[in-house]
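Working notes, beginning with the structure itself.
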Amino acid sequence: MNVENNIMVCVTKQKTCEKLIQSGVKVKEDKGGEIFVIHVSSPDANFLDNSHEGEALDYLFEISKSVGADMTVLRSTNILETMTEFCKKKDIKTVVIGASPSDSNEDSIVSKLINNLGEKVEVNVI
């Protein structure tokens, strides 16, 4: 039985997140499934007035589209809860997320996400 392996790629407002999307493509090639690219920002974030951030999100949207992935920008005051709910809603089996210097800390967003999702979801920290 081939279980579909939906993939969530978490991006920030940086063009360098293209490498995360490409990592998601590699997971899809290995395991199948759909790729969902998400960016979660606070409700008061205004990237339309910041040309650099808006340009980066537009660039990532185009990269997502070129690899057949949906890109969603979500607004929330609770980023962790929003990512966790998205995983459940889309039946995500693999998460691709970028590393940050605080990831060695058990209070980091990556550590908390791994704890929230449990063993049923593989988290690839790039």
**Q.** Per-region count, region 96-126, residues touching a helix residue (DSSP H, G or I) at 6+ places or on another chain (Cβ under 7 Å) and in a strand (DSSP E or B)
**A.** 5
Q.
If I ask for residues that are of a type in the set (A, V, I, L, M), under 17 Å from the mean Cα position of the chain (by Cα), closer than 24 Å to Lys89 by Cβ and modelled with pLDDT under 95, which ones from region 41-73 would you list?
A. Leu57, Val73
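Look through region 81-95, keep the residues that are surrounded by fewer than 18 Cβ atoms within 10 Å (Cβ to Cβ) and without any contact (Cβ under 8 Å) to a residue 60 or more places away in the chain, and return whichever of them is nearest to Asn115 (Cα to Cα).
So in region 81-95, the residues surrounded by fewer than 18 Cβ atoms within 10 Å (Cβ to Cβ) come out as 81-82, 85, 88-91.
So of that shortlist, the ones also without any contact (Cβ under 8 Å) to a residue 60 or more places away in the chain come out as 81-82, 85, 88-89.
Values: Glu81: 12, Thr82: 14, Glu85: 13, Lys88: 14, Lys89: 17 Å.
Restricting to residues being surrounded by fewer than 18 Cβ atoms within 10 Å (Cβ to Cβ) and without any contact (Cβ under 8 Å) to a residue 60 or more places away in the chain, the top hit is Glu81.
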**Q.** Counted residues, region 1-30 - those being at pLDDT below 95 and surrounded by 12 or more Cβ atoms within 10 Å (Cβ to Cβ)
**A.** 5
Q.
Exactly one of these conditions fails for Ile126: (1) modelled with pLDDT of 95 or more; (2) under 13 Å from Ile7 (Cβ atoms); (3) not charged (D, E, K, R). Give me its number.
A. (1)
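The values are calculated or read from the model by the stated rules, or taken from the named source; none is laboratory data. On a predicted model such as this, the values are computed, not experimentally measured, just so you know. With ideal geometry, Cβ positions are generated from the backbone for all residues, glycine too; neighbour counts draw on all protein chains shown.
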